[in-house]
1. Pick from region 146-159 the residues that are in contact (Cβ under 8 Å) with a residue 24 or more places away in the chain and open to solvent by less than 20 Å² (accessible area, probe 1.4 Å): which of them is nearest to residue 117 (Cα to Cα)?
2. Residues of region 46-63 being loosely packed, with under 14 Cβ neighbours inside 10 Å and not in a helix (DSSP H, G or I), which ones?
3. Scan region 121-132 and report the pairs whose first residue is surrounded by 14 or more Cβ atoms within 10 Å (Cβ to Cβ) and of a type in the set (Asp, Glu) and whose second residue is at pLDDT 95 or above and assigned to a helix (DSSP H, G or I), with Cβ atoms within less than 8 Å and a gap of 6+ or a chain change.
4. Pairs only if they're at least six apart or on different chains, beta carbon under 6 angstrom, first in region 53-65 and closer than 14 Å to residue 100 by Cβ, second among the aromatic types (Phe, Trp, Tyr) and modelled with pLDDT of 95 or more; list them, first residue then second.
5. Being open to solvent by 60 Å² or more (accessible area, probe 1.4 Å) and either assigned to a helix (DSSP H, G or I) or among the hydrophobic types (A, V, I, L, M, F, W, C) (or both) is the filter here; which residues of region 25-45 pass it?
6. Identify, by number, the condition in (1) out of contact with any His (no Cβ under 8 Å at 6 or more places or on another chain); (2) open to solvent by less than 10 Å² (accessible area, probe 1.4 Å) that residue 111 doesn't meet.
7. How many of the residues making up region 183-211 are open to solvent by 50 Å² or more (accessible area, probe 1.4 Å) and under 23 Å from the mean Cα position of the chain (by Cα)?
8. Looking at (1) in a helix (DSSP H, G or I); (2) of a type outside the set (Gly, Ala, Ser); (3) open to solvent by 10 Å² or more (accessible area, probe 1.4 Å), which one does residue 180 not meet, given that it meets all the others?
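The values are calculated or read from the model by the stated rules, or taken from the named source; none is laboratory data. This one's a predicted model, so the numbers in the text were calculated from it and none came from an experiment. Methodologically, a virtual Cβ is constructed for each residue, glycine included, from the backbone with ideal geometry; neighbour enumeration extends over all protein chains shown. Accessible surface is based on the protein model in full, side chains and every heavy atom, while ligands, DNA and RNA are left aside. Shrake-Rupley method; radii C 1.70, N 1.55, O 1.52, S 1.80 Å.
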Amino acid sequence: MKKASNKEVPSVSRGENLRHQLRSARQHPDALVRLETIKWAIQEAEGVDLTSELLEFLGDPDELVRVEVLQVLEGNSEPQVVVHLLGLAVADPDWLVRGWAVTCLSYAEYPWLNEFLWRVYKRETSHFVKVRALGALVFQGVSEAAPLLMQYLASQNHHLVINAAQELAAGVGHLPQDLISRLLESMRERLEYWRSRSAWAIVEAIERSLDDVRKCLSGDERGETCE
C-alpha cells in the first residue's frame, strides 16, 4: 500500500485542527478567547478554507467578534457569505457591525445590489453606516453616490471625516475624471481646514487618501475604470 507523503498528512490534520479549535471556541464564555482564537486560526489558515466555521461566529453575542469575522470575510462574495451580509447590514443591533457588513457587500456582483445599498443609505439612522453604504455604491461604480459621500468630508465628526476620505479613496478608480478632480479640490480644502486646527489624525487620513486619489488621476495605479 502506498503511504501518504509527509507533505500531505500535516496539511489535512492542520485544517481539521483549525476547524476543531474554532468550533470549540464558539462555546467559550469569554469573548476575548473567542476573538483571539479567530485571529490565531486566520494566521494559521494558509491554504485552508474556514469560511463555514467563521460564518457561525456572525451570530456571536459580542459585536467585536462579529466585526472581526466581517473583516476577515471582506472580499469574499460567495453566495453563503452574501446571505449573511445582507441580514447583518439591515438587522444587526450594532451600527459598527452593520457598517462593516455593508462594506463587505461592496465586492458582490448582483443586479439588485445597488438598489439594496441605496435603501440602506436612506433608511439608516447611523451616519457611519450611511458613509459605508455610499462608499460601497462608489466602489460599485455609482457616480451619483460620490457627491453625497463628499459632503461628509465637511462633517465636524472626526470619525465620519476619516471614514468618508478612506471610502472615497478606495472607490476613486470607479469614478469619472471630472468627479476625481472635484474630489481632489474638496480634499485639499478640508486638509487645510483640519491642519489649521491641529487635528492630526484627520490630517494624516486625508493626506493618505489624497495620495491614492492623485495616483489614480496621474495614472500611476490606474485601473480600467479610472478614466
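1. 146
2. Residues satisfying the conditions are 46, 47, 49, 61.
3. Matching pairs, first to second residue: 124/98; 124/130; 124/133.
4. Close Cβ pairs (under 6 Å, with a partner that is among the aromatic types (Phe, Trp, Tyr) and modelled with pLDDT of 95 or more) amount to 65/57.
5. The answer is 32, 36, 39, 40, 42, 43.
6. The number of the failed condition is (2).
7. Within region 183-211, residues that are open to solvent by 50 Å² or more (accessible area, probe 1.4 Å) and under 23 Å from the mean Cα position of the chain (by Cα) number 5.
8. Every condition holds for residue 180 apart from (3).
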